[in-house]
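Below you'll find the structure, written out as structure tokens, and then a few comments.
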Amino acid sequence: MAKKAPPAKRTSRAGPSHAAPANPIKQALEAGAGILRLAPTWVPRSFLMPGRRIKLAPADIYALGAQRGGIDERWFSSTTPAANEGAPADEGLSYVVHEAKRAFTLKDAVAQEGARLVGRGIWERYKRWPVYSKFFDNLGPIPHHMHQNNAQAALVGQQGKPESYYFPPQLNAVGNHFPYTFFGLEPGTTKSDIRRCLERWKEGDNGILNFSKAYRLQPGTGWLVPPCILHAPGSLVTYEPQWGSDVFGMYQSMVEGRPVPWELLVKDVPKDKAYDFDYLVDQLDWPGNVDPSFRDHHYLEPIAIGDGDKEAYVDRWVVYGKIDGRELFSAKELTVNPGVRATIKDNGAYGLIAVQGSGRIGKLTLQTPAMIRYGELTEDEVFVSDEAAKQGVVFENTGKESLVTLRYFGPDVNPNAPNVGDYKKNGARSGRAS
């Protein structure tokens, strides 16, 4: 008798089983225990001259082409695109390094992980990381300009831009051509004075600096600058925590013999206001600009945080203060001495850049480079998640010199930070600024 053929094996209609695809964002977060390594983000400015002090190799200053301008900025933990004409869509965005390559943007990571990365308060209110910081580094001064407030910027679909400055001593061994910043306008200046400056735009230097005052810049100090305040930043390398926007209006027609295009004055105003001189003047916060006590209301010096063990490490506030009653961003400078391990707890997420020395942050290496080629990956920048910051991050100095890092925070993270002027209080000065 013939044998029956064995029954055919049943095949699942769903097909063969597969493991869920790997999620590189979660993998990177797990690998770094809540800390993400970031690649350098370089940004050119066509209307400025690079100062060549932010570690980019001299051969790469014009890596994007002379028509784009020299690279004079490096942006940190940025989810904000640069508003540069002719720029690719991702210019200004920070990329996360995973498996030794640029894997995805920090913006995409925040969109996926939300509150875990930036904190519940920031995520629920903004649905993004709403701040960023940068180094800007120029041979000479920037044109006298302002940044619109929220109401003004909303007219062109943007957000306003308050900002702050700190001048890291490690990057300012030389001051370049003009280490002074013009701020605001001299008391007694009228709106008609500034209107006439705008009317003279095409006649060469429109003379707006005749109505302003320059302040000498000192490494190790800083300034807090609200929207609608005129300022012409000088030639020190500047660490600049700020709101996540790139709106501005240039009010100075010529700088160091180079003309400033009218388009840079009106790029962020409604088209029907592009030649409305009264509108352009009215964008300025007049009481704020002509404040006779301007320095007292905006100047910052570092303030040591707590007593601490100064033989081991020192943490300092370098950016602090409120704008229109709100704490929108803040920044600290941490110095860890050689051979020291310190656990630092913070109230929320931060972007960090190392400016001196070597060591570790959590599981990741920190190494301050001497020179960086364009496109090269480094080990000097990270983003620390809200989760990791609150648990406490271990900093370790494995080198022979101080490990110095700058870290900046988002809105409402440090409500107990000092106010402008608090450095004058007894015992508050860091002892380094003069």
Suppose only helical runs count, i.e. DSSP H with n ≥ 4. What mean residue ellipticity at 222 nm does that imply for the chain under -39500 (n - 2.57) per run, divided by all residues and rounded to the nearest 500 deg cm²/dmol? -3500 deg cm²/dmol
Lys and Arg at +1, Asp and Glu at -1: neighbours of Val413 with Cβ under 10 Å from its Cβ sum to -4
Binned Cα-Cα distance frequencies in segment 314-434 - 5 Å width, integer %: 2, 11, 20, 21, 19, 15, 9, 3, 1, 0
The size of the Cβ-based charge dipole (Lys, Arg +1; Asp, Glu -1) of segment 91-137 about the Cα centre, to the nearest 20 debye, is 180 debye
So what's the gap between the Cα centers of segment 368-404 and segment 213-262, to the nearest angstrom? 28 Å
Spatially proximal lysines relative to Lys310 (Cα-Cα < 23 Å; intrachain offsets below 8 disregarded): Lys332, Lys345, Lys390, Lys400, Lys424, Lys425
Place a +1 charge on the Cβ of each Lys and Arg in the chain and a -1 charge on the Cβ of each Asp and Glu, then give the dipole magnitude about the Cα centre in debye, rounded to the nearest 20. 1840 debye
Taking all protein chains in place and a 1.4 Å probe, what share, in percent, of the accessible surface of the chain do carbon and sulfur account for? 51 percent
Distances longer than 34 Å among the Cα atoms of the chain: what percent of all pairs is that? 33 percent
Once you have a ≥ b ≥ c as the square roots of the Cα gyration tensor eigenvalues for segment 60-156, tell me rounded if a/c is under 1.5, and otherwise prolate or oblate according to whether a/b is larger than b/c. oblate
One finds the C-alpha centres of segment 303-356 and segment 106-121 to be spaced, in Å, by 22 Å
Classify segment 257-319 as rounded, prolate or oblate, taking a ≥ b ≥ c as the square roots of the eigenvalues of its Cα gyration tensor: rounded when a/c is under 1.5, otherwise prolate if a/b is larger than b/c and oblate if not. prolate
Among Met250, Met49, Met371, the residue with the largest mean-square fluctuation in a Gaussian network model of the chain built from Cα contacts under 10 Å is Met371
Would you work out which of Pro187, Gly204, Tyr165 lies farthest towards the positive end of the dipole of segment 163-207? Charges go on Cβ: Lys and Arg +1, Asp and Glu -1. Gly204
Looking at the chain as a GNM with Cα springs under 10 Å, which of Lys400, Lys107, Lys134 has the largest mean-square fluctuation? Lys400
On average over all directions, what projected area in square nanometres does segment 213-326 have, based on the convex hull of its Cα atoms? 9.9 nm²
Most fluctuating residue of Thr335, Thr378, Thr190 in a GNM of the chain with Cα springs under 10 Å: which is it? Thr190
Segment 81-123 - Kirkwood radius from inverse mean 1/r over Cα pairs (Å): 11.7 Å
Write down the accessible area per residue of the chain in Å², having rolled a 1.4 Å probe over the full set of protein chains. 44 Å²
Compute, for segment 360-421, the length of the dipole vector about the Cα centre, with Cβ point charges of +1 (Lys, Arg) and -1 (Asp, Glu) only. Units Debye, rounded to 20. 140 debye
Sorting Gln356, Tyr320, Gly220 by the position of each Cα along the dipole of the chain (Lys, Arg +1; Asp, Glu -1; all at Cβ), the one nearest the positive end of that ordering is Gln356
Cα-Cα separations in segment 46-101 greater than 17 Å, expressed as whole percent: 46 percent
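The values are calculated or read from the model by the stated rules, or taken from the named source; none is laboratory data. Fair warning: this is a prediction, and the values are worked out from it, not measured in the lab. Every residue, glycine as well, gets a Cβ built from its backbone with ideal geometry; the counts of neighbours run over all protein chains shown. The accessibility values were calculated without ligands, DNA or RNA, using every heavy atom of the protein model including side chains. Shrake-Rupley method; radii C 1.70, N 1.55, O 1.52, S 1.80 Å.
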